[in-house]
Amino acid sequence: MLSLSAQRFIALAHRWPADLSLAEHMAADMAEHPLGEQELADEISALRIATMSAQEPALRTAYLMVHDEMERGFVPVVAKRLGLPDGDLTARLCAAAVVGAFRVIDEDVGRRVIVEKEKVSQEEALELIDRAVRDATNGRFGGPISPR
């Protein structure tokens, strides 16, 4: 289920148009491709795993391995948006920073929703993602890009 979540994100990332920020694209893409009942249940389970992974080493290992898979799948998206070759160090560093930011946001939102039973709106989650991605990449990545 974690892997499916990562695969959904990579598919979404490959559909990301140049004129939108990542958070704007995620909101638009979710409206255009809403999660079905099972996919939504899988995402909630993934949040539970993210939350539990802080105390469970075996879950943490699997959780981090999925994020490594996500990072590798995200490098070509980053490279394309930055106008760099796929294996470029800057593209790899930005992909690692963005995926790390997503991991931290997943863990934070997961704790708030699963443990603290707090309601986190899609808008709030997207704002957190937008800020985290821009902070993690020093503003270099996450926004719309100009045509080259």
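The values are calculated or read from the model by the stated rules, or taken from the named source; none is laboratory data. All values derive from a computational prediction rather than experimental measurement. All Cβ positions, glycine included, derive from the backbone under ideal geometry; neighbour counts span all protein chains shown. With ligands, DNA and RNA removed, areas are computed over all heavy atoms of the protein, side chains included. Shrake-Rupley method; radii C 1.70, N 1.55, O 1.52, S 1.80 Å.
The table that follows gives values for the structure above.
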| quantity | calculated |
| --- | --- |
| Rg/Rg_globular for region 69-118, with Rg_globular taken as 2.2 N^0.38 Å and Rg from C-alpha atoms | 1.44 |
| FRET efficiency, 1/(1 + (r/R0)^6) with R0 35 Å, evaluated for Gln38 and Glu127 via beta carbons | 0.80 |
| Solvent-accessible heavy-atom area per residue, rounded to whole Å², over region 14-103 at 1.4 Å | 54 |
| Portion, in percent, of the accessible area of region 1-82 that falls on carbon or sulfur, probe 1.4 Å | 61 |
| FRET efficiency, Ser45 to Leu93 (Cβ-Cβ, R0 35 Å, nearest 0.05) | 0.70 |
| Computed lengthening from Val120 to Asp19, 0.36 nm per intervening residue step minus Cα-Cα distance | 33.7 nm |
| Solvent-accessible surface (1.4 angstrom probe) belonging to Ile44, in square angstrom, nearest 10 | 70 |
| Tilt relative to the chain, helix 37-52 - C-alpha long axis, 0 to 90 degrees, to 10 | 80 |
| Cβ-placed point charges (K, R +1; D, E -1), dipole of the chain about Cα centre in debye, nearest 20 | 420 |
| Sites Ser146 and Val104, calculated FRET efficiency, Cβ-Cβ separation with R0 41 Å, nearest 0.05 | 0.90 |
| Fraction of alpha-carbon pairs over 25 Å apart in region 1-104 - percent | 22 |
| Gain on full stretching of the segment that runs from Ala62 to Asn138 - 0.36 nm per residue minus C-alpha separation | 24.5 nm |
